[in-house]
Amino acid sequence: MVVTGAGTGIGSCIAECVAMAGADVTVVGRRQAPLDELAERVGKALHAVPADITAPGAAERIIQAAVDRFGKLDAVVNNAGVARFGRLEEIDPAEFDTMLRVNVRAPAELIRCALPQLRAKRGSVVNVSSVGGALSMPGRAFYGASKAALNSLTRSLARELAPQVRVNAILPGPVDTPMWRDAGMTEAEQRKLHDDLSAATPMGRFGDGHEIGRWVCCLLDPNLSGWVTGALIPVDGGRTA
Ligand SMILES: NC(=O)c1ccc[n+]([C@@H]2O[C@H](COP(=O)([O-])OP(=O)(O)OC[C@H]3O[C@@H](n4cnc5c(N)ncnc54)[C@H](OP(=O)(O)O)[C@@H]3O)[C@@H](O)[C@H]2O)c1
């Protein structure tokens, strides 16, 4: 299986959960060091492929590397993503292009390149989207739009690729990860958003990455989810309830 954005945050928890469940995992991210730290922590030989998923030809190289290593590929977890926040009049429109490239186009390209393998194995795709793709989010409109596009891609491809390949998405609520630090906010803005989001979440807290990872395992498992495709599953402490 391929897990993108696996060096940090939610992706590292997903990689940990699927590896514990016995999967052969190719982990992808731009930086080698977090991938090495993950492999050390998980204590199982993970296959690290450092790559920028938006680079020309990257998807093909990643899929080929996974197949060369394990001889097959039965799942793709599109977790890598970027978030750049800011109100419409403040945010650099180039940030929108970046989010569309990383959050939408690259996942589609990885699925496309993996298709022959996924079809042969009756495999499965899980896209890590966001509640931001389903809620209105002033100050985070571009990020939300990119995740709404990923949700749409998930539902359309689920129909297009059935019955051989299942395509689902998890929509996490807020999880404490490096993403928040990289989103273009001051520390004070980050603290305020953290408090506001905790208050807006019925369960009263941020989620843990493993709470997302276990759901990814569940969706990938054909015994549990063999009849589930095109599902957008909020794992969000009730944020969208
Ligand atoms: N944290 C939350 O509250 C939350 C809520 C809802 C949804 N999500 C989604 O969950 C996913 C994981 O985010 P996170 O919160 O865990 O943040 P994170 O720790 O920043 O993880 C993002 C990962 O994506 C990788 N990445 C980014 N751009 C890449 C590129 N061009 N090529 C390859 N890898 C790339 C990063 O690694 P490198 O920098 O080494 O490339 C990083 O490991 C994202 O899709 C995010 O939108 C997060």
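Quick check on this structure: which one of Gly86, Gly81 is buried (at least 16 other Cβ atoms within 10 Å of the Cβ), farther than 28 Å from Ala19 by Cβ and not basic (Lys, Arg)?
On the way: Gly81 fails: farther than 28 Å from Ala19 by Cβ.
Answer to the check: Gly86.
Suppose we filter segment 1-30 for residues that are more than 11 Å from the chain's Cα centre (by Cα), open to solvent by less than 10 Å² (accessible area, probe 1.4 Å) and within 9 Å of the ligand (Cβ to nearest atom); how many remain?
Residues that pass the stated criteria total 1.
Given the options Leu88, Leu73, name the one that is away from the ligand (no atom under 14 Å from the Cβ), on the phi < 0 side of the Ramachandran plot, over 18 Å from the mean Cα position of the chain (by Cα) and of a type outside the set (D, E, K, R). Please lay out each step first, then the result.
Details: Leu73 fails: over 18 Å from the mean Cα position of the chain (by Cα).
Leu88 is the lone residue from the list that is away from the ligand (no atom under 14 Å from the Cβ), on the phi < 0 side of the Ramachandran plot, over 18 Å from the mean Cα position of the chain (by Cα) and of a type outside the set (D, E, K, R).
Cβ contacts < 7 Å: first residue among the hydroxyl-bearing types (Ser, Thr, Tyr), restricted to segment 212-241; second residue open to solvent by 50 Å² or more (accessible area, probe 1.4 Å) and not in a loop (DSSP other than H, G, I, E, B), any location; separation 6+ or different chain. Result?
Filtered contacts from segment 212-241: Thr240/Pro234.
Working carefully through the options Arg155, Arg166, Arg214, find the one that is within 15 Å of the chain's Cα centre (by Cα) and either within 27 Å of Arg119 (Cβ to Cβ) or more than 12 Å from the ligand (Cβ to nearest atom) (or both). Spell out the reasoning first.
Working: Arg155 fails: within 15 Å of the chain's Cα centre (by Cα); Arg166 fails: within 15 Å of the chain's Cα centre (by Cα).
Result of the check over Arg155, Arg166, Arg214: Arg214.
Name the pairs: first residue in segment 4-19 and touching a residue at least 12 places away in the same chain (Cβ under 8 Å) and closer than 14 Å to Val125 by Cα, second residue open to solvent by 10 Å² or more (accessible area, probe 1.4 Å) and more than 6 Å from the ligand (Cβ to nearest atom), Cβ to Cβ under 8 Å, at least 6 apart or on different chains?
What qualifies is Val18/Met1; Val18/Cys217; Val18/Leu220.
For Leu46, work out the one condition from (1) at pLDDT below 95; (2) surrounded by fewer than 18 Cβ atoms within 10 Å (Cβ to Cβ) it doesn't fulfil.
(2)
The values are calculated or read from the model by the stated rules, or taken from the named source; none is laboratory data. Only a predicted model underlies this, so the values are computations on that prediction, with no experimental measurement involved. Using ideal geometry, Cβ is built from the backbone for each residue, glycine included, and neighbour counts are taken over all protein chains shown. Accessible surface areas use protein heavy atoms only, side chains included; no ligands, DNA or RNA. Shrake-Rupley method; radii C 1.70, N 1.55, O 1.52, S 1.80 Å.
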